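Heads up: the structure comes next, in structure tokens.
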Amino acid sequence: MEEAASATAVAAEKTTSSESLGAGGDGGTRRRRCPAPRKLASDAPTLAASPTPAALGSVWNQAGTWEEKNLNSWANSRIKDLLGSLDPLELSTGKASVYEVSRCSGDAFLVIVRNKKRVGYTYELSLKFKGEWSIKEENKKVKGHLEIPEFSFGELEDLEVNVTLSDAKDLSSDDKAQICKDMKSFLSPIQEKLREFEKELKDR
């Protein structure tokens, strides 16, 4: 009886083992094959590296911490060129023109702080003018200066022009006052020229 029970247990164990391996068509056994490993594709987009903004200033100042450039030479020359090209004006009883920038005193600069650019200037100007006025049925030639007191970047709306006459000894005080009033008509075109200067300065 014990031998029969042992034989039955052995047979059951073989059957279980055979089923776990799987029966082949030819009565043999075959092993289950695991699927081949596959590379998983990442759905996350690849982020392009953001370009580093170019540093302003000199090669030695790539960090853009602090740098100041003197622009006096360029600014003096540019102001003289612009104001020297003012068009003549037809005035109430005459005409006049600016023919020379006799004084251009001041400073212009560019400052780079933390890789940001800032420009500025301070100037005083004197322009020579000449003109011809009809006074008491006579044509009087007059010369003088347009004096522009100190002004700075962004202050052109408050610009002032003072007129001095250098060749008007035979003119009455009323005639002189009229000529000075006429010459203040140059204020607007002077402001336009200096706005052009400011724009060019900012673009440097």
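Structure data summary
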item	result
For segment 115-194, the Rg and Dmax computed from alpha carbons only, in angstrom	16.1, 64
Exposure proxy ranking, count of Cβ atoms within 10 Å, fewest first, for LEU194, LEU159	LEU159, LEU194
Spherically averaged projected area in nm², based on the convex hull that wraps the Cα atoms of segment 59-202	9.2
Where only alpha carbons of segment 79-118 are counted, the Rg and the Dmax (Å)	17.4, 56
FRET efficiency estimate (nearest 0.05) - Cβ-Cβ, SER185 to SER77, R0 25 angstrom	0.40
FRET efficiency, SER166 to ARG195 (Cβ-Cβ, R0 35 Å, nearest 0.05)	0.75
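FYI, it's all coordinate maths here, none of it is from the lab. The structure displayed is predicted, hence computed values, not measured ones. When we count neighbours, we look across all protein chains shown, and the Cβ atoms used for this are built from the backbone with ideal geometry, even at glycine.
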